[in-house]
Each structure stands twice: as C-alpha cells, then as structure tokens.
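Below is one structure; the comments refer to it alone.
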C-alpha cells in the first residue's frame, strides 16, 4: 500500500500541466484527483507520513474520520472543477486550481500546526490567481485585498502556534480551545477564513470578481478548510453557537438587495457557513456530524449554483439580475441544473441539503438552544428566498431580457450534471454520506413530521415571495453598490490613510525646506569666503610670492646671525 | 421556442411571449401554489407531529414562521437595509 499525502499528488501533479497539450492534459488533470481518491480510500486511520523539519516532527498524513470526509469532498470538488474548466485556455488557471485544491487537502491531513500553517498560506497564494485571471482592474484590486486578508489570517495562525508551542512544547493540531491567548489568535485566523461576521467581507468582495470557473473552485475550498479546522480545534466552544447564528442570519438581508447574482451566492455561502459554525459550537456527536455532512453537501450544491451562474456569465458576459431574465428558453439544461442546486441549498426533501442541515437544527433543539434554533429556521426560510427562488427566477425567468445565449459548453454541462446527480443521490440515499461521517450516525431524516414541517416552511416562503411580487412590494433589482464591512477599509480606512499621508507629507516637506534652506545658506557663505571670488581663494601674482619668500629668507638669516653672536 | 434557440448569441428577438410569461398562466401558477399551501396546512390534522420543543407542534407553526419570516426578511432588507447601504454602482471607482 502506498502511503503518500493525497494533497501532494495534486500539487506535484500540477507541475507538468503547462507542458501538456490537448487530450493528454485533460486525462492527466482528471486522473490526479481520481488517483488521490483511490489512495485516500485505501488508507486506514493513523499517522502515515512524517518528516523532520525545524527540529520537529511534521505529520503530513493524519487520517481519521474527520479528515477523511473533508478529503473526499475536496477531491470530488476538484474533479468537478477540472471538468467544468476544461474549455479554459489560460494555463495558469488550471495550475493554480490544482495547487490550491492540493493545498486545501494537504491542510486537512496536516497533523501539526506548522504544516497546517504552510498549507494555509499556500491556499491563499495559489487561489489569488483564480481572481487575477479575470484580468480586469476591479479583479486586480479585489485580488490584492483578498491576498492581504488571507495572508494576514496565516500570520495570525503563525503567531498563535508559536505561543502554543512555547506554552505546551507541542505543535500537534488537536483541540485548541480559547483558554490561552494563542488559542484566541488561532481562532481569529480560522475565523477570517471562515468569514465570521465583520471578518467576512473578503468573500463577497473577491469571489464575484474571479473567472466563471475560478469562483467554482474558490467556493469549495477556503471556507470549508476553515470549517474543518474549527471542527478540529474548537468543537464545543459555546461562543461559536452565537457567532454562527449571526452568520446564518445577517448575510441573507444583503442577499435580498444584491444585484450581482454571484455576490448573492457569496452571501448565501456565508449564511450556510453559519449553520456549520453553530454545529461546531454545539459540539455534540450529532452536531459535529451535521456540520461535516452539511459541509459535504454544501460544497456540491454551492459549486453547482456557481457553475450555473458561471455558465450564464460565460455566455452573456453578465450576472446582474437587472440585465438577465428569460434565459430558460435558450439555456434549458443550465436552468434545470440551477434549479436542482437551488432545491438542494433550500433543503427540499429528496435533495442533499435536507439530510444535512436538519442534523444541525435537531442538535440545536436537543441541546435546548431554542432561540438559535429559531434563528436557523428563519435563515432556512431566507436561504430558500434568495438562493432558492431569486437566483433561478431572475436569471432564467422573470421579465424576458431578450438575450438568447447558446446553451453552456458541453464540459460545463457534464460537470453540472454530475453535481446535480450527487445532490439528488445524497438526498435520496443519505446512508452513504452518513457512513463516512466522523461519528456513528443514529439519525433518521425522513419522518412524516419532519418532511411536512420542512415542506410547509418552504412553500409558505414561496407564498410570501409570490405575494410580495404580485403586490409589487418585492424590492426591484437595481444596479448599485451595497456597502458592507469592506467600507471600513475601502473608505474609512483609506480616508484615514490619506489623512496620515497628507500630514506626514506636509511635515516632511516642512522639515525638508528648513534643512535645505539652512544648508543652502551655509553653502552660500562658504562660497562667499572660499569661492573663486572669496577673499581666501583670491589669486596672487607670482612676483608678490617671491617677494614674500625673499622677506622670509632675509628674516630667517637675520635671526640666524643674531643667534650666532 | 425551437426557432428561438437557433438564433445567434445574445441577439435580441422581438418580444415573443412564452407560456410562462402570459399573465393568465402566471395567475394559474399562483393559484396552484395557494391550493398546495392550503393542503399542506390541512395535513397538520392528519400527520401526528412529535414536537420536541412544544411550541413547534402548534397548528400551522411552520407555515406561519416561513411566511412571516420571509416577509420580514424582504421588507427589512428593502426599507431598513437598502436606504443605508445603497450607493451608486461606481462608488468605489476613484
């Protein structure tokens, strides 16, 4: 049996990609995740691959229930992502996609904080190219903001890990908790990547700027890596329940008024992460299973939704709700796949979201968190509202925009079909997913009572949408910028910086003027006395020199004679 | 609809209303939804609910929660949030 980190298969496998062409490259890129998947499937639990560095033992392949389920889903995501992006010619997108996914998988199997840190930063650096590949000034600016924030998260992780290493003498990545300062710093690092409230806005800022294919990959890895890390290090930390509840609720208000449909999806991605964070905060076996299962299901349906919007962007050049509508006529397959993704994220029975999200809600109810349960139920109705209805409705139906784009390219359709099949498959046969969860599952999603409750909730949300639309109360889709927490650094922060630059600038020029004036005066005086016309530098005739020498000699002689006598 | 698919990319075609765009059909769909919602509420009488928290077993709880929650969400976003955060599209472009 081969014992090799599956993440490294993807990272090393990305290196020859620029030199391959045509079908060879296609086969190679598809074979990498398949090979890694087969390898991972064969690995038993335990630590399998250690190297020594910095005088420490680095565990690169810690296999257990939690890391395995995230490993599987990350490999499925990159496999779907590769198919979806086969038509892309830009080689850097393929390479950075493979390295990025490999880094995320590497991080999941990292058994110590140092290798986690290395992979953590590698995900940041490799993924930014998926944003920059859009080659627009907005994408460049958003990419740089993304990179600064992501690398900043890694720096916090490094600081925290050094403190923990110093305190405990161990760098093992196990439960961390928030009892120590280092633990709080690492929670902050994870929180940035998991898009905690107020630390979230890099997500809505950067993801909609990436290429149509890039966003699909971005949506899968970075935030779910953070969810994995939180589940490993902070399970049962009660503060996370409240953070998660806020995360599940507040982004949906922004999603309702957002016009860019990929940004709507970014807000709903944020909301879905909230459910997982609540599950981790509750920390019981059911809740952690729910968080892992929801991450698994979520990666597929969220990728599917981003794929459908990516196909629309690819064909029409826009994903603004105000510019779209009526696309179902010429993109029927994409429409159907989008609706399947929408049904899954809305947790309709027989779709994947239903069997995963309900575990978290049940866990919240079991543990007596009734208020949080209510918030999550509200968020469930809300996510149906903006992801379930708004996305397909405004893109494919609503008023006819007159656009008649071609159906999505074949490779995109295949990727969407596979993702749709997984969404339905997981929803219909949940036992396969339940079997690979970290803890034993004793949960039955399909009971009469539960199915009826969920269907009632969703149909009455749809009723609300219909009533609001027909009465004209639903807010119109407007071309606009909606401020979010990024305003703090893009406007307030920039104003403060500009003020500082001006103040320092004027101080600098004041001091400069003063010094230069003094120096000038000094040089001028020097010039006056020692310059070509200065008194000291005046030239004298040679005759006077000789005269003075003669006088000196005579004086000397005279003194010499006086001395003799 | 078949002819429309043969049109080139993005070519705007004269408004040719599909089945879904006719007003009477939209009304039909809306009525179908109203009927389904009514049936779902009535099912509460038939299906025994094992209410874990007590209040969630009340008649029509989930329906009311979904409807009121959604209306609350949309109206707060429209009248509460949008006036505060909405700026012109090129707000950050300078």
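The values are calculated or read from the model by the stated rules, or taken from the named source; none is laboratory data. Values in this document were obtained by computation on a predicted structure and should not be read as measured data. Don't worry about glycine lacking a Cβ; one is built from the backbone with ideal geometry, like all the others, and counts go over all protein chains shown.
Among the residues in the stretch A:293-305, are any within 14 Å of chain B (Cβ to nearest Cβ) and assigned to a helix (DSSP H, G or I)? Scanning the stretch A:293-305, I find no residue that is within 14 Å of chain B (Cβ to nearest Cβ) and assigned to a helix (DSSP H, G or I), so the answer is no. So, residue A:511, is that one outside any helix (DSSP H, G or I) and outside the structural domain of residue A:393 (by TED's automatic domain parsing) or not? No; evaluated as a whole, the condition is false for this residue. Restricting attention to the stretch A:43-56, the residues that are touching a residue at least 12 places away in the same chain (Cβ under 8 Å) and more than 12 Å from residue A:5 (Cα to Cα) total 6.
Picking from residues in the stretch A:252-266 that are within 17 Å of residue A:346 (Cα to Cα) and within 11 Å of chain B (Cβ to nearest Cβ), the one that is surrounded by the most Cβ atoms within 10 Å (Cβ to Cβ) is A:255.
Residues are listed down the side, and each one gets a yes or a no for (1) assigned by TED's automatic domain parsing to the domain that holds residue A:378; (2) touching a helix residue (DSSP H, G or I) at 6+ places or on another chain (Cβ under 7 Å):
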site	(1), (2)
A:449	yes, no
A:453	yes, yes
A:460	yes, yes
A:494	no, no
A:499	no, no
A:543	no, no
A:548	no, no
A:551	no, no
A:556	no, no
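Taking the stretch A:162-273 as the region of interest, the helices (runs of 4 or more DSSP H) fully inside it that hold 2 or more residues being in contact with a strand residue (DSSP E or B) (Cβ under 9 Å, 6 or more places away or on another chain) and touching a residue at least 60 places away in the same chain (Cβ under 8 Å) are A:239-257.
Residue by residue, here is whether (1) out of contact with any helix residue (DSSP H, G or I) (no Cβ under 8 Å at 6 or more places or on another chain); (2) over 24 Å from residue A:69 (Cβ atoms); (3) surrounded by fewer than 24 Cβ atoms within 10 Å (Cβ to Cβ) holds:
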site	(1), (2), (3)
A:160	no, yes, no
A:164	no, yes, yes
A:167	no, yes, yes
A:177	no, no, yes
A:187	no, no, no
A:198	yes, yes, yes
A:211	no, yes, no
A:220	no, no, no
A:225	no, no, no
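Number of residues in the stretch A:125-159 that are under 17 Å from residue A:226 (Cα atoms) and touching a residue at least 40 places away in the same chain (Cβ under 8 Å) equals 8.
In this structure, is residue A:463 surrounded by 15 or more Cβ atoms within 10 Å (Cβ to Cβ), over 30 Å from residue A:398 (Cβ atoms), at pLDDT 90 or above and at the interface with chain B (Cβ under 7 Å from one of its Cβ atoms)? Against the criterion (surrounded by 15 or more Cβ atoms within 10 Å (Cβ to Cβ), over 30 Å from residue A:398 (Cβ atoms), at pLDDT 90 or above and at the interface with chain B (Cβ under 7 Å from one of its Cβ atoms)), residue A:463 does not qualify. In this structure, residue A:83 qualifies as surrounded by 15 or more Cβ atoms within 10 Å (Cβ to Cβ) and modelled with pLDDT of 95 or more. For the stretch B:42-70, the set of residues classified as crowded, with 18+ Cβ neighbours inside 10 Å, facing chain A (nearest Cβ under 7 Å) and farther than 30 Å from residue A:254 by Cβ consists of B:49 only.
Inside the stretch A:314-328, residues that are more than 23 Å from the chain's Cα centre (by Cα) and either surrounded by fewer than 20 Cβ atoms within 10 Å (Cβ to Cβ) or assigned to a loop (DSSP other than H, G, I, E, B) (or both) make up a count of 6. Look at (1) in a loop (DSSP other than H, G, I, E, B); (2) within 14 Å of another protein chain (Cβ to nearest Cβ); (3) within 29 Å of the chain's Cα centre (by Cα) and you find that residue A:443 fails only one, number (3). The residues on offer are A:311, A:365, and the sole one that is part of a helix (DSSP H, G or I), out of contact with any strand residue (DSSP E or B) (no Cβ under 7 Å at 6 or more places or on another chain) and either free of Cβ contacts under 8 Å to residues at least 24 places away in the same chain or within 11 Å of another protein chain (Cβ to nearest Cβ) (or both) is A:365. All conditions but one from (1) farther than 19 Å from residue B:92 by Cβ; (2) surrounded by fewer than 22 Cβ atoms within 10 Å (Cβ to Cβ) apply to residue A:140; the one that does not is (1). Would you check if residue A:384 is in a helix (DSSP H, G or I), under 21 Å from residue A:461 (Cα atoms) and more than 11 Å from chain B (Cβ to nearest Cβ)? So residue A:384 fails the test. State the number of residues belonging to the stretch A:329-338 that are part of a loop (DSSP other than H, G, I, E, B) and under 15 Å from residue B:21 (Cβ atoms). Within the stretch A:329-338, residues that are part of a loop (DSSP other than H, G, I, E, B) and under 15 Å from residue B:21 (Cβ atoms) number 1.
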